[in-house]
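S.K.: Okay, here's the structure, questions in a sec.
The values are calculated or read from the model by the stated rules, or taken from the named source; none is laboratory data. Here the structure is a predicted model, which is why all the values come from computation and not from measurement. A quick note on method: Cβ atoms are made from the backbone with ideal geometry, for glycine too, and the neighbour counts reach across all protein chains shown.
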Amino acid sequence: MEKLRVSKTKKIVLSALMLATFIILDRFISINIQILALNFSSIAIMLVAIYCGPKYSTLVALLGDLIAALLFPFGSYFVGFTIANAIMGLIYGLYLYKKHEEKNSKIILSAIASNLVVLVVVNMIMNTFFIHFMYGKAFWILFTSRIIPQIILTVLNTVFIVVLEKVLRPFAKKYLYENEVEGSNQMNINEYLEKLDKFTKDPNLDVMEYVMKDFELETCKTKFLHVAGTNGKGSVCEMLSNVLVEAGYKVGKFISPHLIKFNDGIYINNKEISDEEVEKILEPLTKKIEEYNNSHEVPAKWFEVITCVALIYFLQNDCDFVVLETGLGGLTDCTNVVKSMVSIITNIGYDHIDILGETIEKITIQKAGIIKENSDTVIVEQAEEITKIIEETCDSKNAKLHKVKIEDAQNYSYTEDLQKFDYKDYKQIEINLKGKVQIYNASQVLEIIDVLKEKGFKISEEAIRNGLKAVVHKARMEKICEKPLMVFDGAHNENAIDNFKKNVEQYYKEYKKVYVVSVLNTKDYKTVIEKLCEDKDSIFIFTDGNDKQKYVAKEKLYNAAYDITTFSKLFTMSLEEALNVVTKLYDDRLILVVGSFYVYKDVQEFLSNIKD
């Protein structure tokens, strides 16, 4: 569901309108006796809180009381009431902001909770004390005389705001809500990004160098940890950033692909970038992108713009570290605009051969392109021809090479939810990620941590253990549903499929299985199908996702399977049909959704709908 938001301009206009409404309700439509004040001015504050947030509701409450006292004085002015009013605005803002985006029960519960807090803290304690201070009447006499009217007012306020929000909802959707980016012809963020080309046959750094030249990436204090490889990049990024956060550093993390929306690839300390923060960056950035597009033949691509957003966000927030995952290759990948302190290369295999090259040597040259002069490089144990190219690259750039050897990961054990292992001096490290390949990924992270510690960064063993154990990596052997049992894995190349099969054998050997398979049209789908169809006893449903242009046609997947198998348990369906079938007819089997990260969002939405 699209997220509802209100632009800054409309927040200011609405706040001004509600400020005037507050003054009218407070001064002209109220009952004021010496010790009693019954009015509904807080309704205006609650509306500001719902649509604009705590900053605006606090300011309107504060200014409303001051302006009302100045223009329409009623008795003696006392600053305590203004402070109490501001606190009321803050409480409403904290409880009510954005609750209109959720279920009706949320706004009702938030309205009840916020009004109860206001009743107790502001009306009964603070205001009663201020009246006691001003008029000299006994606090408890005032308290008891005020409590019944204030409870009645609280109930009425709660009912009014719930009903009013519901009545105003269609008008707000039509005139108030938007999801637009100022500075780009009021274009919806997603619409703007969707108009950009997704892929390029000739990647280069032209856009990044043009846009980022003013940000002094070469001399900034932020330390970049750059991660390339074919498989394992995402897991290494998640584990490494989590350890550094546990160690007390401010850590930016940029990973791809995003699973639900592009925000979930950009994080600081594990909190994803908000739409509002994206807007702030995109407003000047889109102008810079337009400048570039007008002066260059090939326009900026989607991933280049997203990478710019991420880097600008990290630099503006003064991150200590940024863990940066390459999108494609390394040498000409747009993330390679940074000067990294440590270059990290995970397992290398065949993928994106149409762009990176058809041989493992050509692919390795691209991946090794992230290695910088006089830096450190950490790799996992690779095939001899891969290691040789990386060694030569390090030698040519005076970069120190650190190798993670498989035999250094020892004393391995696992349960359904936990894996343990030793790596060098680290004993019985625990991780929640599934599969032995994650042991090697975690070992590489430990090696990187040792490199950082050698450079003087303080990272305790407690931070290492807690950081590694807490990592959860979505869409990698992720159990996304218990009943029926459904596991999602984005494996989409030969090596990843091999690891996926090993994990299924390790954790779910006793289950009968049904596969839901979709593959992007940029992938080697025949190899994926050949590897999966070695499981002769399972049912396979081939689909082409919800965006037919992105995926290999389901009929092609079916034919590839049919050509190499002798069994007839093959079907083709749309993604929604496939999910309906497996959840209703095969709920006694293990359902494995595999082949592409890009159907994750659709699968999660389907599961959410059937739960509702």
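S.K.: May I ask you to verify whether Ala578 is over 24 Å from Pro484 (Cα atoms) and aliphatic (A, V, I, L, M)? Spell out the reasoning first.
M.R.: Working: over 24 Å from Pro484 (Cα atoms): no; aliphatic (A, V, I, L, M): yes.
In short, no.
S.K.: Also, I was wondering about something else. Do the conditions hold for Val451, that is, is it in contact with a Lys or Arg (Cβ under 6 Å, 6 or more places away or on another chain) and either crowded, with 21+ Cβ neighbours inside 10 Å or closer than 19 Å to Val227 by Cα (or both)?
M.R.: no
S.K.: Of the conditions (1) within 26 Å of Ile371 (Cα to Cα); (2) crowded, with 22+ Cβ neighbours inside 10 Å, Phe421 satisfies every one except a single condition; which number is it?
M.R.: With respect to (1) within 26 Å of Ile371 (Cα to Cα); (2) crowded, with 22+ Cβ neighbours inside 10 Å, Phe421 is out only on (1).
S.K.: Where residues in region 460-501 are within 16 Å of Tyr600 (Cα to Cα) and among the charged types (D, E, K, R), which of them is surrounded by the fewest Cβ atoms within 10 Å (Cβ to Cβ)?
M.R.: Lys479
S.K.: Could you tell me which residue of region 177-226 is surrounded by the fewest Cβ atoms within 10 Å (Cβ to Cβ), considering only residues that are modelled with pLDDT under 80, among the acidic types (Asp, Glu) and not in a loop (DSSP other than H, G, I, E, B)?
M.R.: Glu194
S.K.: Which number in (1) buried (at least 20 other Cβ atoms within 10 Å of the Cβ); (2) in contact (Cβ under 8 Å) with a residue 60 or more places away in the chain; (3) within 25 Å of Tyr507 (Cα to Cα) marks the one condition that Glu416 misses?
M.R.: (1)
S.K.: Is it the case that Glu216 is on the phi > 0 side of the Ramachandran plot and without any contact (Cβ under 8 Å) to a residue 24 or more places away in the chain? Walk me through how you get there before you give the answer.
M.R.: Values: on the phi > 0 side of the Ramachandran plot: yes; without any contact (Cβ under 8 Å) to a residue 24 or more places away in the chain: yes.
Yes, satisfied.
S.K.: Let me ask something additional. Here are some residues: Ser7, Ser30. Which one is at pLDDT below 90, among the hydroxyl-bearing types (Ser, Thr, Tyr) and under 20 Å from Asn127 (Cβ atoms)?
M.R.: Working: Ser7 fails: under 20 Å from Asn127 (Cβ atoms).
Result: Ser30 is the single residue among Ser7, Ser30 that is at pLDDT below 90, among the hydroxyl-bearing types (Ser, Thr, Tyr) and under 20 Å from Asn127 (Cβ atoms).
S.K.: Can you tell me which residue within region 249-265, out of those that are buried (at least 21 other Cβ atoms within 10 Å of the Cβ) and among the aromatic types (Phe, Trp, Tyr), is modelled with the highest pLDDT?
M.R.: Once the filter is applied, the top-ranked residue is Phe254.
S.K.: For region 577-604, how many residues are more than 16 Å from Lys513 (Cα to Cα) and either surrounded by 15 or more Cβ atoms within 10 Å (Cβ to Cβ) or of a type in the set (Lys, Arg) (or both)?
M.R.: Summing the residues that are more than 16 Å from Lys513 (Cα to Cα) and either surrounded by 15 or more Cβ atoms within 10 Å (Cβ to Cβ) or of a type in the set (Lys, Arg) (or both) in region 577-604 gives 9.
S.K.: Quick one: in region 227-248, of everything that is over 30 Å from Ile360 (Cβ atoms) and over 19 Å from the mean Cα position of the chain (by Cα), which residue is surrounded by the most Cβ atoms within 10 Å (Cβ to Cβ)?
M.R.: By that ranking, first place goes to Ala247.
S.K.: Also, quick follow-up: Quick check on this structure: which one of Ile312, Ile289, Ile281 is surrounded by 22 or more Cβ atoms within 10 Å (Cβ to Cβ) and assigned to a helix (DSSP H, G or I)?
M.R.: Being surrounded by 22 or more Cβ atoms within 10 Å (Cβ to Cβ) and assigned to a helix (DSSP H, G or I) holds for just one of Ile312, Ile289, Ile281, which is Ile289.
S.K.: Still on this structure, I have one more. Does any residue of region 345-365 turn out to be of a type in the set (S, T, N, Q), over 26 Å from the mean Cα position of the chain (by Cα) and farther than 27 Å from Ser443 by Cβ?
M.R.: For region 345-365, residues of a type in the set (S, T, N, Q), over 26 Å from the mean Cα position of the chain (by Cα) and farther than 27 Å from Ser443 by Cβ: present.
S.K.: Tell me whether region 168-176 contains one or more residues that are surrounded by 17 or more Cβ atoms within 10 Å (Cβ to Cβ), assigned to a helix (DSSP H, G or I) and modelled with pLDDT of 85 or more.
M.R.: So the first thing to find is which residues in region 168-176 are surrounded by 17 or more Cβ atoms within 10 Å (Cβ to Cβ), and the list is 172, 176.
Checking the rest, the ones that are also assigned to a helix (DSSP H, G or I) come to 172.
Applying the additional criterion that residues be modelled with pLDDT of 85 or more yields none.
No, region 168-176 contains no residue that is surrounded by 17 or more Cβ atoms within 10 Å (Cβ to Cβ), assigned to a helix (DSSP H, G or I) and modelled with pLDDT of 85 or more.
S.K.: What is the residue count in region 558-574 for residues that are part of a helix (DSSP H, G or I) and surrounded by 13 or more Cβ atoms within 10 Å (Cβ to Cβ)?
M.R.: Counting residues in region 558-574 that are part of a helix (DSSP H, G or I) and surrounded by 13 or more Cβ atoms within 10 Å (Cβ to Cβ) gives 5.
S.K.: Being assigned to a helix (DSSP H, G or I) and closer than 15 Å to Leu17 by Cβ is the filter here, so list the residues in region 39-51 that pass it. Reasoning before the result, please.
M.R.: The first filter runs over region 39-51 and keeps only residues assigned to a helix (DSSP H, G or I), leaving 42-51.
Once the filter is applied, which keeps residues that are assigned to a helix (DSSP H, G or I) and closer than 15 Å to Leu17 by Cβ, region 39-51 yields Ile43, Ala44, Ile45, Met46, Leu47, Val48, Ala49, Ile50, Tyr51.
S.K.: If you check Glu391, Glu381, Glu373, which single one turns out to be in contact with a helix residue (DSSP H, G or I) (Cβ under 7 Å, 6 or more places away or on another chain), surrounded by fewer than 23 Cβ atoms within 10 Å (Cβ to Cβ) and of a type in the set (D, E, K, R)?
M.R.: Going through Glu391, Glu381, Glu373 in turn, just one is in contact with a helix residue (DSSP H, G or I) (Cβ under 7 Å, 6 or more places away or on another chain), surrounded by fewer than 23 Cβ atoms within 10 Å (Cβ to Cβ) and of a type in the set (D, E, K, R): Glu381.
S.K.: Where in region 444-557 are there helices (runs of 4 or more DSSP H), lying wholly inside it, with at least 2 residues that are charged (D, E, K, R), within 30 Å of Lys250 (Cα to Cα) and not assigned by TED's automatic domain parsing to the domain that holds Val603?
M.R.: 461-469
S.K.: Follow-up question, since we're still on this one. Could you pull out every one of the helices (runs of 4 or more DSSP H) wholly within region 52-123 that has 2 or more residues that are under 37 Å from the mean Cα position of the chain (by Cα), farther than 21 Å from Thr21 by Cβ and of a type in the set (S, T, N, Q)?
M.R.: Qualifying helices (runs of 4 or more DSSP H): 104-117.
S.K.: Out of all the residues in region 575-605, which are closer than 28 Å to Asn231 by Cα, in a helix (DSSP H, G or I) and either over 17 Å from the mean Cα position of the chain (by Cα) or of a type in the set (D, E, K, R) (or both)?
M.R.: Leu575, Ala578, Leu579, Lys601, Asp602, Val603, Glu605
S.K.: Further, regarding this structure: Tell me, which residue of region 292-309 that is of a type outside the set (Ser, Thr, Tyr) and free of Cβ contacts under 8 Å to residues at least 24 places away in the same chain is surrounded by the most Cβ atoms within 10 Å (Cβ to Cβ)? Steps first, please.
M.R.: As a first pass, look at region 292-309 and keep what is of a type outside the set (Ser, Thr, Tyr): 293-294, 296-306, 308-309.
So of that shortlist, the ones also free of Cβ contacts under 8 Å to residues at least 24 places away in the same chain come out as 293-294, 297.
Values: Asn293: 14, Asn294: 8, Glu297: 5.
Once the filter is applied, the top-ranked residue is Asn293.
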